1. Can you list the residues, at least 5 places off or on another chain, whose amide H is less than 5 Å from the amide H of Ala51, using H built in the peptide plane?
2. Taking Lys133 as the anchor, which aspartates and glutamates have their alpha carbon closer than 14 Å to its alpha carbon, excluding any fewer than eight residues away along the same chain?
3. I'd like to compare 132-138, 311-317, 162-168: which one has the highest average count of other Cβ atoms within 10 Å, and what's the full order after that?
4. Would you mind pulling out the separation of the Cα centroids of region 227-282 and region 95-173, in Å?
5. Per DSSP helix of 4 or more residues, -39500 (n - 2.57); summed, then divided by the residues of the chain. What does that give at 222 nm, rounded to the nearest 500?
6. Nearest 10 degrees is fine. How inclined is helix 241-262 to the longest principal axis of the chain, computing both from alpha carbons?
7. Taking amide H positions as placed 1.01 Å from N in the peptide plane, with prolines and chain starts having none, which residues 5 or more places from Val30, or on another chain, fall under 5 Å of its amide H?
8. For region 5-164, what % of the accessible area comes from carbon and sulfur atoms, probe 1.4 Å?
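The values are calculated or read from the model by the stated rules, or taken from the named source; none is laboratory data. No experiment lies behind these values; they were computed from the predicted model shown. Here Cβ is always computed from backbone atoms with ideal geometry, including for glycine, and neighbour counts include all displayed protein chains. Side chains included, ligands, DNA and RNA excluded: accessible areas come from the protein's heavy atoms. Shrake-Rupley method; radii C 1.70, N 1.55, O 1.52, S 1.80 Å.
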Amino acid sequence: MKAIHFGAGNIGRGFIGLLLHQSKYEVHFVDVNEKVIDEINQEGTYNVFLANDAKDQFTVTNIKGINSKANPEKAVEEIASADLVTTAIGPNILKFIAPLIADGLKARKAKNGQFLNIIACENMIGGSTELKKFVFEHLNDEEKTWAEEYIGFPDSAVDRIVPNQSNEKLLDVLVEPFFEWVIDETEIKGDKPEIPEAHFVENLTAYIERKLFTVNTGHATTAYLGNIKDYKTISETIAHKAVEEKVLQVLGETGKVLVEKYKFDKEEHQKYIQKIIGRFSNPHIVDDVKRVGRSPLRKLSRNDRLVAPAMEYVELFKGIPAGLVEVMASAMLFFSSEDQESVELKELIQSKGAEQAFIEVSGLSADNKLVSAVAAAYKEIQ
């Protein structure tokens, strides 16, 4: 089997490329980074190390590199005969690879090629759907009709921390032990791709929200509580029992929402929470509190990781989620001179007061129960 993977960076090699290799695919990395592509073709192998005490090692072989800038025709040729196409290039780059993928699909159609699935493994909602839109802009009506029948663009959700790093060998990469690759099986065309480590589901939205309300909410919670204590890193912060207990309280509240809303198994979700706490505790991943806490205006907005689950908690259970309230108040106190959003938030609070500032940032009405609760919590921890 042959997989064409766009993106030969650390995430591409250390996450998707590794899983494809372990699934017995020959992986062809497509990238514009000449140095990396040349190294792939010269070495034909690289190592992936886990950020754990044992520093477990996996060797990836049976790989090739394609420089899409120098040899676009080669990428087109390989797509025409591929068994799977994946990406890990960043949401903003999808539109730039779309013409190349479209040409590959045209060549595949000309060869009477059969079913193919193209999966965007990006940190975004609806990545494959977005890529399909860009690709279809470069197809005529006949080609679009053929593609609708034979080419699947299943959305996916991906989760793995790949820290900033500098390794002796260019291609080697360090990744956290935990990973999750969830794929929407309802959009698959033909046979389901053979990826044992991927999780195929019928309701991808549930898993996207599970990640947002657990990983992202938990990460932000740890950062904002750590900032109050002037801790420097996420692992240092979560190592304090009092902080860990508050993070668990918050994830208990979001977990209650998720279990009620999507009927996740309660015990399995608790195990998921414990895995996330373990990730935050990993001393081999150095994650700065100020970096994780940045952009508080976005993180306090109505549809993001703090206000959204708090609103749903109130609606579902008719009570106030005390843990989330404390975190939202703590986020109001976050400040870094290097983060423009926190500068704007501080100025807003100084000019209009904490309660009015929270109303404007969250988009909640003044009579919402969460507003008065957050204002009271802010006054208490200030």
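1. For Ala51, whose amide H was placed from the backbone, the distant partners under 5 Å are Val175, Glu176.
2. Excluding near neighbours in sequence, the set is Asp141, Glu143, Glu148, Asp155.
3. Per-residue Cβ counts within 10 Å, averaged per peptide and sorted highest first, yield 132-138, 311-317, 162-168.
4. 34 Å
5. Result for the chain: -15000 deg cm²/dmol, rounded to the nearest 500.
6. 60 degrees
7. Residues meeting the criterion, in which the H sits 1.01 Å from N, are His5, Phe6, Gly7, Ile66.
8. Carbon and sulfur together cover 46 percent of it.
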